[in-house]
1. Going by the structure shown, is B:SER130 under 15 Å from the mean Cα position of the chain (by Cα), surrounded by 14 or more Cβ atoms within 10 Å (Cβ to Cβ) and among the hydroxyl-bearing types (Ser, Thr, Tyr)?
2. Within region B:29-44, take every residue that is free of Cβ contacts under 8 Å to residues at least 24 places away in the same chain and within 18 Å of the chain's Cα centre (by Cα) and give me the one that is nearest to B:VAL108 (Cα to Cα).
3. Can you find even one residue in region B:68-83 that is within 18 Å of the chain's Cα centre (by Cα), under 29 Å from B:LYS28 (Cα atoms) and either at pLDDT 95 or above or within 7 Å of chain A (Cβ to nearest Cβ) (or both)?
4. Restricting to region B:15-37, and then to whatever is out of contact with any Asp or Glu (no Cβ under 6 Å at 6 or more places or on another chain) and more than 7 Å from every other protein chain (Cβ to nearest Cβ), can you tell me which residue is nearest to B:GLY104 (Cα to Cα)?
5. Scan region A:1-30 residue by residue and report those that are of a type in the set (Gly, Ala, Ser) and either in contact with a helix residue (DSSP H, G or I) (Cβ under 8 Å, 6 or more places away or on another chain) or more than 7 Å from every other protein chain (Cβ to nearest Cβ) (or both).
6. Take A:SER126 and tell me if it is surrounded by fewer than 21 Cβ atoms within 10 Å (Cβ to Cβ) and of a type in the set (Ser, Thr, Tyr).
7. Please determine, by comparing only the residues of region B:101-114 that are in a loop (DSSP other than H, G, I, E, B) and buried (at least 24 other Cβ atoms within 10 Å of the Cβ), which one is farthest from the other protein chains (Cβ to nearest Cβ).
8. Output yes when any residue across region A:49-66 is touching a Ser or Thr at 6+ places or on another chain (Cβ under 7 Å), in a helix (DSSP H, G or I) and modelled with pLDDT of 95 or more, and no when none is.
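The values are calculated or read from the model by the stated rules, or taken from the named source; none is laboratory data. Worth saying up front: this structure is predicted, and the values here are computed from it rather than measured. Positions of Cβ are backbone-derived with ideal geometry, glycine not excepted, and every protein chain shown enters the neighbour counts.
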Amino acid sequence: MDHFTPFSALIGGGLIGIAMILLFWFNGRIAGISGLIGGLFSRNTDDKSWRILFLAGLVLSGFIYHLYDPGIYSGMPVTSTPVLILGGFLVGFGTRMGNGCTSGHGLFGIARFSKRSIVATLLFISSAMVTVYLVQHMFGASL
Amino acid sequence: MTKNMIGLLGGMLFGLGLCISQMADPRKIMGFLDVAGNWDPSLLLVMLSGLVVIAIGYRLALKREKPVLDQQYYLPTNTQIDIKLIAGAILFGVGWGLIGYCPGPIMVSLGFFSAQILIVFFSMLVGMLSWNYLNSRHQS
């Protein structure tokens, strides 16, 4: 566990929580990231402008933080393009099909004690762990 | 304060939290998901402190009649644990395990200007649109 970073994890998690409460307190909305992105493509979504600005804020924070600490991005563990495409596709498809991702289900949903979110979170963490196990330890991370 | 300002501020705070906790670094995510390797439980602490803040803030918010800038709180109404939830969560997990990225960190990482992130981002959009297409065909 030599990479364990408990303090930055607790502070960062608290900031994410504050950001989600801010949006709920003022706009009455749950900031599930996959829902915010997916909602932009739906004709039924009203007032898209704050959604776009929230997503722009995410990109902007990455841009600014990267100027301050370029070490935050140091390449990816998986570099083969077909795997990046497949993984990205499954993240998009699965989060829309299951109506949420790590933020909407994993954070806000569990904090609301939603049964759906608790089930979804246990399932996606488990399937991700199984996937990593298969890739890292069965196929030797050669994808 | 307008809804748009809250949106931008919320997005920046959320992204800062992801950067500080290193959750925008896929190696950090892989360290958590790889339970048989050199396990890194940091992600659990990110979730734990986020959950505590939201669990308290959510209940305080609901004591108010309505949000500051809207007429109602928008909460999910579906309570069924159906096949879409189960299959969707499992498929998302497989993708997450393959690349070490979920949607929040993908958005934040767009700010790092990497070709690889663009590939992941557009693949995610294609995945989302594919689901929308299949789902709308199924309903019509």
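1. On the way: under 15 Å from the mean Cα position of the chain (by Cα): no; surrounded by 14 or more Cβ atoms within 10 Å (Cβ to Cβ): yes; among the hydroxyl-bearing types (Ser, Thr, Tyr): yes.
No; evaluated as a whole, the condition is false for this residue.
2. If we filter region B:29-44 for residues that are free of Cβ contacts under 8 Å to residues at least 24 places away in the same chain, which is where we start, we get B:31-32, B:34-44.
Filter once more, so that each one left must be within 18 Å of the chain's Cα centre (by Cα): B:32, B:42-44.
Details: B:PHE32: 19, B:SER42: 19, B:LEU43: 17, B:LEU44: 20 Å.
Going through the qualifying residues, I end up with B:LEU43.
3. Filtering region B:68-83 down to residues within 18 Å of the chain's Cα centre (by Cα) leaves B:74-76.
Retained after the next criterion (residues that are under 29 Å from B:LYS28 (Cα atoms)): none.
Checked against the condition, which is being within 18 Å of the chain's Cα centre (by Cα), under 29 Å from B:LYS28 (Cα atoms) and either at pLDDT 95 or above or within 7 Å of chain A (Cβ to nearest Cβ) (or both), region B:68-83 yields no hits at all.
4. Step one: list which residues in region B:15-37 are out of contact with any Asp or Glu (no Cβ under 6 Å at 6 or more places or on another chain), which gives B:15-30, B:33-37.
Then drop every residue that is not more than 7 Å from every other protein chain (Cβ to nearest Cβ), which leaves B:28-29.
Numbers: B:LYS28: 14, B:ILE29: 13 Å.
Selected residue: B:ILE29.
5. First, the residues of region A:1-30 that are of a type in the set (Gly, Ala, Ser): A:8-9, A:12-14, A:17, A:19, A:28.
Matches in region A:1-30: A:SER8, A:ALA9, A:GLY12, A:GLY13, A:GLY14, A:GLY17, A:ALA19.
6. Numbers: surrounded by fewer than 21 Cβ atoms within 10 Å (Cβ to Cβ): yes; of a type in the set (Ser, Thr, Tyr): yes.
So A:SER126 fits the description; yes.
7. Going residue by residue through region B:101-114, those that are in a loop (DSSP other than H, G, I, E, B) are B:101-102, B:113-114.
Right, trim to buried (at least 24 other Cβ atoms within 10 Å of the Cβ) and you get B:101-102.
Numbers: B:TYR101: 7, B:CYS102: 5 Å.
Checked region B:101-114; the qualifying residue farthest from the other protein chains (Cβ to nearest Cβ) is B:TYR101.
8. Narrowing region A:49-66 to residues touching a Ser or Thr at 6+ places or on another chain (Cβ under 7 Å): A:62.
Now drop any that are not in a helix (DSSP H, G or I), which leaves A:62.
Checking the rest, the ones that are also modelled with pLDDT of 95 or more come to A:62.
The answer is yes; a qualifying residue exists.
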